[in-house]
1. Out of the residues in the stretch 331-355 that are within 26 Å of L309 (Cα to Cα) and touching a residue at least 60 places away in the same chain (Cβ under 8 Å), which is surrounded by the most Cβ atoms within 10 Å (Cβ to Cβ)?
2. Search the stretch 164-178 for residues being in contact with a Pro (Cβ under 7 Å, 6 or more places away or on another chain) and outside any strand (DSSP E or B), and hand back the single one that is farthest from N212 (Cα to Cα).
3. Among the residues of the stretch 356-373 satisfying the criterion of being charged (D, E, K, R) and more than 21 Å from R466 (Cα to Cα), which is surrounded by the most Cβ atoms within 10 Å (Cβ to Cβ)?
4. Looking only at the stretch 204-245, which residues are touching a strand residue (DSSP E or B) at 6+ places or on another chain (Cβ under 6 Å), surrounded by 18 or more Cβ atoms within 10 Å (Cβ to Cβ) and not in a strand (DSSP E or B)?
5. So V32 fits all but one of (1) out of contact with any Cys (no Cβ under 6 Å at 6 or more places or on another chain); (2) assigned to a helix (DSSP H, G or I); (3) modelled with pLDDT of 90 or more; what number is the exception?
6. Give all pairs with beta carbons closer than 8 Å in which a residue from the stretch 481-496 that is among the β-branched types (V, I, T) meets a residue that is modelled with pLDDT of 55 or more; count only pairs at least 6 apart in sequence or on separate chains.
7. State yes or no: is S438 in contact with a helix residue (DSSP H, G or I) (Cβ under 9 Å, 6 or more places away or on another chain) and either assigned to a helix (DSSP H, G or I) or crowded, with 22+ Cβ neighbours inside 10 Å (or both)?
8. Of all residues in the stretch 339-370, which are acidic (D, E), in contact with a strand residue (DSSP E or B) (Cβ under 8 Å, 6 or more places away or on another chain) and closer than 16 Å to R501 by Cα?
Amino acid sequence: MNAERLLAHFERISEAPDAIARLRRFILDLAVRGKLVEQDPEDEPAEEMLHRIRQQKKRMVISGEIKKAKEDCSASSSAQQLKVPCGWSTCRLDEAAICLDYMREPVNGLERQRRIEGKTQEELFPYFGATQQQGWIDNYLFDDELVLLGEDGVPFFDALRAKAYLIAGKAWVNNHAHVFKPILTQAAYLVHCLNVFDYSDRVAGATRSKLNQSKAVDIPIPLPPLAEQHRIVAKVDELMALCDQLEAARQQREQGRERLVAATLQRLNQPAEDPASFRQDASFALQVLPSLTTTLAQIKQLRQTILNLAVRGKLVEQDPEDEPVSLLLDEIKARMRMLRLKHAFSVIDPIEIPFDEPSGWTWCRLGEVCEKTGSGSTPRGGKDVYKNSGVPFLRSQNVYNDGLRLVDVAFIDVLTHQRMAGTRVLPCDLLLNITGGSIGRCAKVPLEFGEANISQHVAIIRVAARGMEEFIHSLVLSPYFQGFVDKSQTGAGRGGLPKNRMDAIPVPIPPLAEQHRIVAKVDELMALCDQLEQQISQADQQRRRLLEAVLAEALEEPEQALAAMT
């Protein structure tokens, strides 16, 4: 790789997910391989420094500064396998530093709180844990520059996150971090080595990975001459500062786009006095938003804005030639009479109406435009009556906004289904999750689906006039209706939307022809959102692959790559 190639692609790869984190890792990889700065033949060889370290340890043991470590003259097999530049050496971590784990001491949060109560900040000392400072305490165990390496609760399998860090001065360390005091070695250099080391073969534990002390002290360290260590650390600091600038610049770009998208969406969601000019503004905004949206979160906001416009009559024009909505209401009444269901359209108090309906629209309550609403039930016997085949028994995990997902669908036999005839699911029904973390998700049952049944966590919404179900589905998914779902939840611990509150939600009803135009426009714009999401995902993947390729090449010719960065 040459400098020109890195520069040519840098702007593009800097937008890749984790791009700056990967650049930081790349820098550290170069550092511990001896490819970040030039070697100087005049430097004292690392092997001589190791000899001085051993002599220094002996003096510290004799003076009582440290405990005598267990004799272990064997070199780490991993250290022996390391390939290092001329003048470097390899050693175990406990050869370049002293393990002071015997001095650490855990103190629980309540005890620390008791001990610091009434003390001034000047009387307190930092209390460190696995990956960072955990709080304060009224005393200290250490007063030195130390390397802390997490013992547990550490992201050992995430190559882009730190496992070790540096502390200095008076401090307390608990038993979730191994403590190492470097001897004649640059502490910051050891931290860099520990943060690029592969821990996959050293940590144990299925749920909470732990690095035992015996595995920590044996970590192989590629050790440069001391003078080169200083040059490496200085160069790393310089390049990390550059990464900080790159990260700040990227965040500034992202924040600018976020503000522009947010302002555009906010304008669309606000009422306008002139409907015609608003539609022009909305049309323009929907045309330019795709070029501004660069994250999946922004696409989600755009979807919500589209639904918000749809249910307010701002997505398509009203047509005075449309069949009046009153005829649709008459059709609903006729359907109710045919089913011999008690029915009447109520007068809705203006205080309940959150926005003015467009010309030709009317307000009803959800239950008044449906021939059936309500939740299912658990069949007698619970899960024990589930079958491997039969009538699908739909649960909340099967209900998604884009349709039913039947990978893990349960089944009940025909007899059980017949006993639960009141919650029989028909084609074109809407199914709404009314409890739990997925409350508010709503799916339309396909026309060719056939029959099914539902659990008590799912409600049926069956409109009384065929052709309304698509608009009502968009309405249920809109921020307007979802706001009622959030406010109407009942039950401690597991939220729920009861039938009486769901039926009472006021809903705006346009003429049927306009409903169809709205649904067509929603489908068109949602398809655009699908394309945008796919483009964003593909662009992220392409940037990630390009970044990995460029950095892989850079490892072969690091000097040119670093020159390009600086």
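1. Of the stretch 331-355, the ones within 26 Å of L309 (Cα to Cα) are 332, 345-355.
Remaining after also requiring touching a residue at least 60 places away in the same chain (Cβ under 8 Å): 332, 348, 352-355.
Values: I332: 22, I348: 16, E352: 11, I353: 12, P354: 11, F355: 12.
Out of the qualifying residues, it is I332.
2. Step by step, filter the stretch 164-178, then rank; the result is N174.
3. Initial filter on the stretch 356-373 (charged (D, E, K, R)): 356-357, 365, 368, 371-372.
Those still in the list that are more than 21 Å from R466 (Cα to Cα) too: 356-357.
Working: D356: 11, E357: 15.
By that ranking, first place goes to E357.
4. If the condition is that a residue be touching a strand residue (DSSP E or B) at 6+ places or on another chain (Cβ under 6 Å), surrounded by 18 or more Cβ atoms within 10 Å (Cβ to Cβ) and not in a strand (DSSP E or B), then A216, V217, D218 are the ones that fit.
5. With (1) out of contact with any Cys (no Cβ under 6 Å at 6 or more places or on another chain); (2) assigned to a helix (DSSP H, G or I); (3) modelled with pLDDT of 90 or more applied to V32, the lone miss is (1).
6. Listed by first residue and then by second, the contacts come to V485/I439; V485/G440; V485/L497; T490/G496; T490/L497; T490/P498; T490/R501.
7. Here the answer is no, as S438 does not meet what is asked.
8. In the first step, residues of the stretch 339-370 are kept if they are acidic (D, E); the result is 349, 352, 356-357, 368.
Pick out the ones that are also in contact with a strand residue (DSSP E or B) (Cβ under 8 Å, 6 or more places away or on another chain) and you get 352, 357.
Matches in the stretch 339-370: E352 only.
The values are calculated or read from the model by the stated rules, or taken from the named source; none is laboratory data. Just so you know, these numbers come straight off a predicted model, no measurement behind them. Cβ: placed from backbone, ideal geometry, glycine included. Neighbour counts: every protein chain shown.
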